[in-house]
Every structure is written in C-alpha cells, then in structure tokens.
Amino acid sequence: MDWQTPEDSVPSRFVTEAEVGALLANPPSSGAWRDGDRPGDRLFAPLGRLDFEHGGSIPHARLAYETWGTLDDDGGNAVLVLHALTGDSHVLGGAGNGHATAGWWAGIVGPGLAVDTDRWFVVAPNMIGGCQGSTGPSSFAPDGVEWGSRFPYTSIRDQVEAQHRLLGHLGLDRWAAVIGGSMGGMHALEWAATHPELVDRLAVIAAPPVTTADQISLNFVQLEAVRTDPHFQGGDYYDAPDGEGPHRGLALARRMALLNYRSPGELNARFERSWQSSVSPLGHGGRFAVESYLDFHGNKFTRRFDAGSYVTLVEAMNSHDVGRDRGGVGAALRAYAGPSLVLGIDSDRLFPVSGQEEIALHLAGNLDGTRPSVLRSDFGHDGFLIENALVAPHLSRLLAV
C-alpha cells in the first residue's frame with residue numbers, strides 16, 4: 001500500500017502551483033490501462049478459467065507481466081517480483097508508451113543492482129483484480145461490458161493461483177526467488193505456504209502475517225470513501241464522461257492511505273505548520289502545505305488507477321491470513337524451509353515490525369535466525385521504495401545464498 005511511483009516515493013516535499021494546475025482538467029472515469037492502449041513493455045499470459053475461492057469465476061483470465069534479463073537454459077534463474085497495492089508490473093523502465101509512470105523499483109532491479117538482471121531473469125506481474133493489463137473490474141467480460149460490480153471477490157490466494165499459472169505459462173518449474181513488499185509480501189508468504197517446493201528463496205518486506213483488525217479498520221474507511229461516492233454507482237461507472245467518475249471518492253481514499261505510508265516525524269519535519277501560500281489558513285481561506293500535498297497526490301492518483309480495482313485489491317488485502325485453515329501462522333510458515341529474508345522498517349506504522357517478528361520466528365531458513373532485519377528509516381512504510389541503499393544489501397545477501 002505505497003506510493004508506488006518514483007515521483008511519489010521521493011521524500012515529502014511542497015507542491016507547486018504549477019503542479020496543481022496540471023490536474024485542473026476533468027479526470028477520466030477510470031485511470032486503468034484498457035485494451036487498445038499501447039502495451040508498452042507488457043506481455044500477456046492467458047490463464048484460462050479462473051475459479052475464485054469464495055465464489056465466482058472468470059472464463060478467460062489473463063495476467064499482464066514484464067520481464068528483464070535472460071532466462072538460463074535450465075530455467076533456474078527466474079525471480080518473481082511482486083508489487084504492492086497500487087503498483088503494477090512496471091518495475092523497471094521509463095514512463096510513456098502505455099506506462100503511466102516510470103518503474104517503481106529501478107534502484108533495486110537492473111543491471112549490476114541488488115536484483116541483477118545480468119544474472120537473474122526477473123518476472124513481475126500485475127495482480128489479478130488490478131488495472132494495468134491483468135483481468136480486473138475494468139476489463140471486458142464476455143458480454144462486451146466491463147466486469148465492474150460483477151467482478152468476483154478476490155483473495156490473496158486467488159492472486160497467487162494466477163501467479164502459479166504464470167509459472168507454467170513461462171515453462172518454468174520453480175522460482176529461484178520470490179520477492180514481495182507490502183501487499184506483494186503477502187503474496188510471497190502465500191507462495192511459501194502453498195507451494196514451498198517451488199520457491200528456492202523468499203523475501204518478505206514490510207508485510208504482516210495476517211491483516212489485523214487495526215489494518216482492516218484503516219482499509220474500511222478507504223473503501224467507504226470510494227463506495228459512497230455517488231459516481232461509483234456500485235462499481236458500474238465505466239461509461240461515465242470525464243469528470244463524472246468516482247474520482248472524488250478514490251482521491252479521498254488515497255489521501256487516507258498516504259497518512260500511513262509515511263512517518264509522523266518525516267511529515268512534521270518536512271512541512272511543520274507551513275502555509276501553502278501567503279494566504280493564511282487560520283480563518284482566511286488559505287491552506288496548510290501538507291493539505292495541498294495530500295490533495296495533489298490524491299488527485300494525481302485518479303489519473304492512473306481505477307476505483308473498482310482499488311476496492312478489489314483492498315478487499316484482497318483484508319483477506320490475508322497465511323495461517324487460515326492451516327493451523328495458524330506458525331504451522332503455515334514452517335512448511336517453508338528455504339533461505340528467507342524478513343525485512344521490516346522501524347518507522348512503519350502501517351505494518352509494524354511486530355508483524356515481521358512473528359514471520360521471522362517461524363521461518364526455519366531465515367537469514368537472521370528468529371529475528372527480522374529492521375531498516376532504520378524516517379520514511380515509514382514507504383522506506384522499502386525509497387531507501388535503496390539500505391534495502392539492496394539485504395536482497396544481495398539473500399540472492400548470494
């Protein structure tokens with residue numbers, strides 16, 4: 001649940017009036033990538049019929065994905081990289097040509113970097129239920145109308161099943177490593193519990209073993225912001241003209257989420273009580289700088305994301321409990337014995353280090369014994385996207401095993 005773009009992941013800063021002005025035009029009903037748009041670097045894996053664990057099915061599901069590097073003849077160097085809530089398959093590469101933003105982990109994945117594409121064949125899918133090429137609410141159903149409100153309730157396990165089919169589509173029999181941060185870390189844990197024999201190495205970054213009541217409550221108010229926007233229309237809004245989609249609810253949900261992605265210390269140090277302009281916010285109609293900051297990023301988000309996908313993916317995060325029907329977290333994670341990295345961030349108020357401590361306790365192959373590695377960062381949950389110099393050595397350590 002992160003900023004997910006280089007522009008948004010930089011340390012919090014003041015928003016200029018020019019940046020605000022660039023968003024004055026009416027936003028589209030959906031910021032999703034749609035069939036007919038330029039594919040960019042996306043590839044597409046047909047998955048066939050996908051049955052969802054809590055009911056419903058998609059007859060012709062697909063995953064959008066991207067790859068970097070060269071696959072070895074024996075297929076033994078394939079690394080799966082899994083994005084967070086509002087990320088996508090575009091881990092590495094520039095914006096444009098069908099990609100709304102530049103790659104979200106370009107300081108970690110690439111030639112000579114921690115996940116070295118001169119050595120590893122890196123595969124990054126967009127999650128089922130997402131809006132950047134994989135089947136989701138904005139995709140067309142067989143009747144030629146967007147799935148919208150008809151899209152099945154989607155769990156983390158459903159999404160990992162789709163990723164498992166991607167493995168087969170690529171002709172692979174295992175992953176050399178599965179690496180995920182935030183929501184992607186939930187998927188990584190599910191891989192370890194469901195298919196431990198297919199994962200040679202595991203990296204779980206800034207993710208919990210279960211989504212807690214506190215986290216569900218934070219998600220609930222975001223979901224309500226979207227659902228109560230009258231333009232959401234129960235999820236069937238895709239034919240709305242520009243400016244009449246559920247962008248207000250989606251932008252509000254994004255603003256709520258952003259508060260948990262950064263740390264209080266960073267926001268206070270960056271903005272203090274500064275005004276956005278010379279007009280006082282103390283009864284004279286002006287704004288505090290931090291208010292403009294949240295407004296800008298909420299509005300910007302509506303240009304690249306889809307409200308229906310946001311609801312679907314947040315609900316999927318709420319489904320996360322790696323120990324469900326497996327005898328608890330400990331029993332589920334003890335199924336995996338391979339080398340593992342569990343990485344937390346000391347200032348993360350979304351998924352605190354206590355969650356990573358529980359994960360590390362039960363992974364027999366954890367590089368740090370029964371404890372997680374903990375980054376010291378001022379940037380909160382988003383630290384794993386920002387602090388490349390701190391994250392990289394840990395991933396290098398895992399991939400050297």
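The values are calculated or read from the model by the stated rules, or taken from the named source; none is laboratory data. Source: prediction; values computed, not measured. Note: ideal-geometry Cβ built from the backbone for every residue, glycine included; neighbour counts use all protein chains shown.
Taking the range 256-282 as the range and being small (Gly, Ala, Ser), crowded, with 17+ Cβ neighbours inside 10 Å and out of contact with any Asp or Glu (no Cβ under 8 Å at 6 or more places or on another chain) as the test, only 257 passes.
For the range 117-133, the set of residues classified as over 20 Å from residue 171 (Cβ atoms) and crowded, with 24+ Cβ neighbours inside 10 Å consists of 126, 127, 128, 129, 130, 131, 132, 133, listed by residue number. Considering only residues in the range 370-389 that are under 20 Å from the mean Cα position of the chain (by Cα) and in a helix (DSSP H, G or I), the one that is surrounded by the most Cβ atoms within 10 Å (Cβ to Cβ) turns out to be 382. Inside the range 224-240, can you point out the residues that are surrounded by 15 or more Cβ atoms within 10 Å (Cβ to Cβ) and of a type in the set (Gly, Ala, Ser)? If the condition is that a residue be surrounded by 15 or more Cβ atoms within 10 Å (Cβ to Cβ) and of a type in the set (Gly, Ala, Ser), then 225, 235, 240 are the ones that fit. Each residue in the range 225-246 was checked for being within 20 Å of residue 140 (Cβ to Cβ), more than 24 Å from the chain's Cα centre (by Cα) and in a helix (DSSP H, G or I), and 1 of them qualify. Just so you know, in the range 163-187 the residues that are of a type in the set (Gly, Ala, Ser) and over 26 Å from residue 355 (Cα atoms) include one that is surrounded by the fewest Cβ atoms within 10 Å (Cβ to Cβ), and it is 171. For the range 283-305, taking the residues that are within 13 Å of residue 253 (Cα to Cα) and out of contact with any Asp or Glu (no Cβ under 7 Å at 6 or more places or on another chain), the one that is surrounded by the fewest Cβ atoms within 10 Å (Cβ to Cβ) is identified as 295.
If you go through the range 105-121 and keep only what is assigned to a loop (DSSP other than H, G, I, E, B), in contact with a strand residue (DSSP E or B) (Cβ under 9 Å, 6 or more places away or on another chain) and touching a residue at least 60 places away in the same chain (Cβ under 8 Å), you end up with 105, 108, 120. Taking each residue of the range 337-355 that is of a type in the set (D, E, K, R) and looking for partners that are in a loop (DSSP other than H, G, I, E, B) with beta-carbon atoms closer than 6 Å, six or more apart or interchain, yields 346/376; 348/206. Could you say whether any residue in the range 10-18 is within 26 Å of residue 316 (Cβ to Cβ), modelled with pLDDT under 95 and touching a helix residue (DSSP H, G or I) at 6+ places or on another chain (Cβ under 7 Å)? Among the residues of the range 10-18, not one is within 26 Å of residue 316 (Cβ to Cβ), modelled with pLDDT under 95 and touching a helix residue (DSSP H, G or I) at 6+ places or on another chain (Cβ under 7 Å), which makes the answer no. What are the residues in the range 266-305 that are touching a helix residue (DSSP H, G or I) at 6+ places or on another chain (Cβ under 9 Å), assigned to a loop (DSSP other than H, G, I, E, B) and not basic (Lys, Arg), if any? Result: 272, 274, 276, 277, 281, 302, 305. Taking the range 306-337 as the search range and keeping residues that are of a type in the set (A, V, I, L, M, F, W, C) and outside any helix (DSSP H, G or I), which one is surrounded by the fewest Cβ atoms within 10 Å (Cβ to Cβ)? It comes out as 337.
Tallying residues that are in contact with a His (Cβ under 9 Å, 6 or more places away or on another chain), of a type in the set (A, V, I, L, M, F, W, C) and in a loop (DSSP other than H, G, I, E, B) within the range 338-369 yields 3.
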